[in-house]
Amino acid sequence: MKRRTIKPILVMLLLCLMMIFVGSCSTAHVEIDRDGSGTATVTIAKGEGISENTIRDEMRELFESVGIASDGDEHRLTMESLTESEEYYTVVISFKRIQYIKGIGSFGYQDSTVFLEDNNATQSLKNWSEGNYGSFQSYTGNIYKFEKSDALAFDPVHVESGNKILVNPTEAQRQAGASGFLDRDGLLSQHKRGKAFTFFLADLDGLQSITFSFKGNVIAYGGQNVEMVDESTITVRPVAVNANIKGLDENGNPVISDETVNCFIGCVYFQLEFSPVLMWTLIIGGAALVIFIILGIVKGWFKKFVHSKKTKNFFRNYDLYVMMIPTIVLLVLFMYMPMSGVIMAFKNYRIEDGMFGSEWASYGGFKNFYDLFTNPAVDFWRLTGNTFMLALLRFIFGFVCAVFLALLFSYLKPGRFKKWVQTISYFPYFISWLTISGIAYLFLGSDGILNDLVGMFGGEAIQWYTEPRYWRTILTFTYIWKTVGYSTIVYLAAITAINPALYEAARIDGAGRMGQLWHITIPGLLPVIGVQIIFSLGNLVKDDIDQIYTMTQGGATALRDTTEVLGMVIYKQRGNVSAYSSTTAMGLLQGLVALVLVSVSNKIVKKFGVEGAY
């Protein structure tokens, strides 16, 4: 089949969720849901070269194109069914929010109040009302530039009165009492559930009409060849528009031509009907509440509750519960309410739709997680491996060094020397990683202390900041140096809490220091060690961004093979709205794995007879 012959079908598939063949007698019925998604039912008259196989093949090939044109979402269009009758093929296509479908013309679907605040949307409608449709780039790469024509200008018609409402009235018309369609006090601002839908589709030869159905009543509509069918439906027929088309031929050479193309142009303002989901939720919830109250009265639930010991205890200690309110409020506001943001992990987050208004991701909301494991650009397994390895090294060596240092401190006699040693060991903990990175550079720089020592023994200088193989050791060493002294506090406190009488008894029985260590000190430390192990294992999927980012001088690319971790990727995506969903999914996955590790390690520790964290 010739490319020119099938092009109209492909365009409809990509942008209006329809298929049109040149020369065929076709119609399309588009049903738009409350959020802008919906279905399109397209009837295509049978003709030469048109078969079920050709339709499926072209759809399979070009659904990828709509994904590229529509911000890389390959699932924006999905074919639900393809049936054949005696004279037509009927195709049912589901689509995500129509306002984000790109490749031919443009679509807008917004709340009326948001539409009024969107300068691009209002300016586009003003231009259309003057017959100026500008230009756009189709999915094929062709650039269409349309000539301005007063014959193509339009103003919306108010359904109730039948009068036209000027989109952009002149000052004289305003003084005469005309109210603009886009004015702050105009028609768009009068309905809280109002929706503004604008559409401009081009080069759809063979399509006789498009019918749009909405979940609500049409208040005003405008455009070229637009008619009301019923209170929630309009039909649009094409209008011929002159266009200058720039594209490439089969050999890749630029081609410019002037053609007349069929366009569908218009705007609709309608008021959403009351949500049936909300209505049934209220009905079912109200019915359940009534049933609960009746059963509570009949079976005496309320009476038992009032006279129960827990209720009496509550009123007896009401002052204590009142004192808990500020803490509970703070927990809810700053701990639990922000957790609602994890919903972004299951959505295609757009800042204009908000966190809860954004559309759900594909694969039942799990596309962002699927991409983490399958997208080579993310390289999730390398990031996870680096995160786990660095955390494991910190856990093993940090834990051993902290316990060993605490034991050494316990053998020091109380006095000034012990205080000074402990203070010096704690001091690095209070130094920022930025300062430590500067200290490290004095040692690791090209002219640093370590390279000076290497040169003294005749070796070649090492470029530490371009050699990734050294950095797991460097990061582990600097982490231990900074934190080991402070980490000894909890172990030293546990050693201090051991009953001194046990040591006295051990010495009487002939136990030396090693015997006391293995039979008294270590067993006395086990409860604390158990809890520390539980929380440390939970941190195996956590990374210290402060350390890694500053020590590697902003996450140097040369070191990313061993130092780039999950948190680093999340941090680098700050300000990139398009990556909010994927990075939220990454963070949520980290949290879930940490939860599993903590739960499993807690059970394992309890199996060894040590008290767990909970």
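A few notes on this one:
- Residue selected from region 353-391 under the condition of a type outside the set (S, T, N, Q) and assigned to a loop (DSSP other than H, G, I, E, B), by the criterion surrounded by the most Cβ atoms within 10 Å (Cβ to Cβ): A361
- Counting only residues that are within 13 Å of the chain's Cα centre (by Cα) and either acidic (D, E) or not assigned by TED's automatic domain parsing to the domain that holds K542 (or both), region 557-604 holds 0 of them.
- Residue match in region 157-172 (condition: within 32 Å of the chain's Cα centre (by Cα), at negative phi, among the aliphatic types (A, V, I, L, M) and not assigned by TED's automatic domain parsing to the domain that holds V66): no
- Residues of region 74-117 that are surrounded by fewer than 16 Cβ atoms within 10 Å (Cβ to Cβ) and not assigned by TED's automatic domain parsing to the domain that holds S26: T113, V114, E117.
- So A402, is it hydrophobic (A, V, I, L, M, F, W, C) and outside the structural domain of L588 (by TED's automatic domain parsing): no
- Among the residues of region 318-340, just one is modelled with pLDDT under 90 and surrounded by 11 or more Cβ atoms within 10 Å (Cβ to Cβ), namely Y321.
- Qualifying residue in region 173-183 (condition: of a type in the set (F, W, Y), under 27 Å from N119 (Cα atoms), buried (at least 16 other Cβ atoms within 10 Å of the Cβ) and at pLDDT below 90): yes
- Region 505-519 residues that are in the same structural domain as I495 (by TED's automatic domain parsing), paired with ones that are of a type in the set (S, T, Y) and part of a helix (DSSP H, G or I) (beta carbon under 7 Å, 6 or more apart): Q516/Y503
- The condition (being of a type in the set (F, W, Y) and touching a residue at least 60 places away in the same chain (Cβ under 8 Å)) is satisfied by just one residue among Y580, Y571: Y580.
- From F369, F373, residue being closer than 30 Å to S578 by Cα and free of Cβ contacts under 8 Å to residues at least 12 places away in the same chain: F373
- Y349 being among the aromatic types (F, W, Y), under 26 Å from V569 (Cβ atoms) and surrounded by 15 or more Cβ atoms within 10 Å (Cβ to Cβ): yes
- Subset of region 505-559 that is within 21 Å of L475 (Cβ to Cβ) and part of a loop (DSSP other than H, G, I, E, B) - its residue that is modelled with the highest pLDDT: T552
- Subset of region 449-482 [under 30 Å from Q422 (Cβ atoms) and either at pLDDT 90 or above or not in a helix (DSSP H, G or I) (or both)]: R472, T473, I474, L475, T476, F477, T478, Y479, I480, W481, K482
- Residue satisfying condition, being outside any strand (DSSP E or B) and either of a type in the set (S, T, N, Q) or within 21 Å of Y139 (Cα to Cα) (or both), within set I50, I68: I68
- Filtered by the rule that a residue be of a type in the set (A, V, I, L, M), closer than 30 Å to Q516 by Cα and assigned to a helix (DSSP H, G or I), region 408-448 gives L408, V421, I424.
- Once region 275-302 is narrowed to residues that are modelled with pLDDT under 85 and surrounded by 11 or more Cβ atoms within 10 Å (Cβ to Cβ), the residue that is nearest to the chain's Cα centre (by Cα) is S275.
- In the set L330, L289, L278, L282, only one residue is in a helix (DSSP H, G or I), under 30 Å from P156 (Cβ atoms) and free of Cβ contacts under 8 Å to residues at least 40 places away in the same chain; that residue is L278.
- Test: residue in region 165-172 that is at pLDDT below 90, hydrophobic (A, V, I, L, M, F, W, C) and under 25 Å from D203 (Cα atoms): no
The values are calculated or read from the model by the stated rules, or taken from the named source; none is laboratory data. Nothing here was measured: the structure is a model prediction, and the numbers come from that model. Cβ: placed from backbone, ideal geometry, glycine included. Neighbour counts: every protein chain shown.
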